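First up is the structure itself, then whatever we jot down about it.
No value in this document is a laboratory result; all are computed from the given coordinates. These numbers were taken from a predicted model, which means no experiment stands behind them. Ideal geometry is used to build each Cβ from the backbone, glycine not excepted, and the neighbour counts take in all protein chains shown.
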Amino acid sequence: MVRLPLALQKKLAAVFPDTHDQSEFVAEVVAKALDTHRPDDTKQPQAIGGTLHLYSDGGSRGNPGQAAVGCVLFDPLKNEVLREYGECIGVETNNIAEYRALITGLKIAEEFHPNHLICHLDSELVVKQLNGEYRVKMATFTPLVQEINELKSHFPHVTFVYIPREKNTRADLLVNRALDEMMGKK
């Protein structure tokens, strides 16, 4: 803890007789001066840098059919899931759902400011298109690829990696959970 000069301590005690109130006031002033205080700090993710892993999956029941996305952001150093997310996105194809899942995951990962983001997808098509191995032929994919490239520019380094479906079970679970909940509401 920082010791204040005696003159400031006396002025602080005159304004805040309770020592707890004094400490809170000093902490708030210091936090504002360091520009680290946020009104609702408990809900804001902390910037952690380093390497994070994003697992994303999209799926539809029918092709096209009711579709959903799932994302899991993982910190390998802490061996901790930082965020999980799943939601229905309406009627889409499987491939559109895969792209939309990645977009959602990139937006989530952006809040954590990683130095390197490794994106794991079980869609070989999407990975190869994003890595430039396959051309994007479908006009419906073009705006999604453009959005991903825009989001990608917000990170120092992004890698897209294909993984088999069985290594993407947590993101897949979020997709199916969202679809099950949506179907159960009808």
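Provide a single number: the residues in segment 108-162 that are under 20 Å from VAL72 (Cα atoms) and of a type in the set (D, E, K, R).
Number of matching residues: 6.
In segment 136-186, what count of residues is obtained for those that are closer than 26 Å to VAL91 by Cβ and part of a loop (DSSP other than H, G, I, E, B)?
Total satisfying the criteria: 8.
Tally the residues that are more than 17 Å from the chain's Cα centre (by Cα), loosely packed, with under 12 Cβ neighbours inside 10 Å and not β-branched (Val, Ile, Thr), restricting the search to segment 141-164.
Total satisfying the criteria: 3.
Kindly establish whether LEU73 is of a type in the set (A, V, I, L, M) and in contact with a His (Cβ under 9 Å, 6 or more places away or on another chain).
For LEU73, the condition - of a type in the set (A, V, I, L, M) and in contact with a His (Cβ under 9 Å, 6 or more places away or on another chain) - is met.
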